[in-house]
Amino acid sequence: MSLVGPRPPIPGEVARYENWQRRRLSMRAGLTCLWQISGRNEVDFDDWMQMDLHYIDHWSLGLDLEILIKTPLVMIRGTGF
């Protein structure tokens with residue numbers, strides 16, 4: 001597991017993935033991610049999957065740092081950016 005990356009899926013969830021969603025399994029799971037800082041439970045499942053794929057396609061050290069900086073703020077506020 002890494003600090004930043006797609007959230008770890010549960011096995012039952014993976015069993016229901018459509019083909020386009022399986023690509024998110026190509027990257028090591030992380031403790032925080034775009035979903036975490038973008039609204040969490042306010043984001044529907046397909047948008048969550050799209051965020052993970054966006055992260056995979058646009059990964060950079062800068063994006064990881066942005067997510068790491070925003071995570072504690074989101075945790076304190078209780079909402080996403």
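Could you tell me whether Ile67 is β-branched (Val, Ile, Thr) and without any contact (Cβ under 8 Å) to a residue 40 or more places away in the chain? Against the criterion (β-branched (Val, Ile, Thr) and without any contact (Cβ under 8 Å) to a residue 40 or more places away in the chain), Ile67 does not qualify.
Of all residue pairs spaced 6 or more apart or on separate chains, those with beta-carbon atoms under 8 Å, a first member in the range 19-42 that is among the acidic types (Asp, Glu) and a second member that is open to solvent by less than 50 Å² (accessible area, probe 1.4 Å) are Glu42/Gly80.
Looking across the range 9-28, just one residue is exposed (fewer than 15 other Cβ atoms within 10 Å of the Cβ), among the aliphatic types (A, V, I, L, M) and not in a helix (DSSP H, G or I), and that is Ile10. Collect the residues in the range 48-81 that are in a loop (DSSP other than H, G, I, E, B) and open to solvent by 50 Å² or more (accessible area, probe 1.4 Å), keeping them in residue-number order. Result: His58, Trp59, Thr79, Phe81. Does Val43 meet the test of being surrounded by 15 or more Cβ atoms within 10 Å (Cβ to Cβ) and modelled with pLDDT of 95 or more? No: the conditions fail for Val43.
The values are calculated or read from the model by the stated rules, or taken from the named source; none is laboratory data. Predicted model only: the values in this text are computed from it and were never measured. Using ideal geometry, Cβ is built from the backbone for each residue, glycine included, and neighbour counts are taken over all protein chains shown. For accessibility, only protein heavy atoms count, side chains too; no ligands or nucleic acids. Shrake-Rupley method; radii C 1.70, N 1.55, O 1.52, S 1.80 Å.
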